[in-house]
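Below is one structure, written out as structure tokens, with a few remarks after it.
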Amino acid sequence: MKTFTLRFASALFVTFAVSILLLTNISCSSTTAVTPAPNTINMKNSVFDPVTLTVTKGTTITWVNQDNFAHTTTADGNAWDSGNIAAGASKAFTFDTVGTFPYHCTYHATMGMKGTIIVK
Ligand SMILES: [Cu+2]
């Protein structure tokens, strides 16, 4: 009787553990699907990397300046403007409006330092 109870309890526990694993996997894969790219844009050699970033509404994007001089992230339509982001510094904005937002660095746009944020 004791053995049977123990086995039954073990079976229950295994079922429970497998369920948790399945649930964990499901939530992990859906998170990956919603956010395909890390929400960080590097500013290096006066280039935004990646040049185009697609995110879901409500996502916070962080720009990281890896150059040893200042950059900005400035929306062409002025939806956002970081002002100076010093060497080694970063700046984050949260995107709550769906749309396509071209942007640039005010210092290096003429050198081609431009990017696009797509919010879905
Ligand atoms: Cu710049």
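Readers should treat all values here as calculations from the given coordinates under stated rules, not as data from a laboratory. This one's a predicted model, so the numbers in the text were calculated from it and none came from an experiment. Using ideal geometry, Cβ is built from the backbone for each residue, glycine included, and neighbour counts are taken over all protein chains shown.
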Requested in this report: Name the residues whose placed amide hydrogens come within less than 5 Å of the amide hydrogen of N42, ignoring near sequence neighbours (fewer than 5 apart) on the same chain.
Outcome: D49, V64
Report task. Please list, or write none, the aspartates and glutamates whose alpha carbon is within less than 19 Å of the alpha carbon of K120, excluding same-chain residues fewer than 8 places away. Result -> D76, D96
Requested in this report: Note the full-extension length gain between T100 and D76 as 0.36 nm times their separation in residues minus their Cα-Cα distance, in nm to one decimal.
Outcome: 7.6 nm
Requested in this report: Could you work out the local net charge near L53, counting Lys and Arg as +1, Asp and Glu as -1, over the other residues with Cβ closer than 14 Å to its Cβ?
Outcome: +2
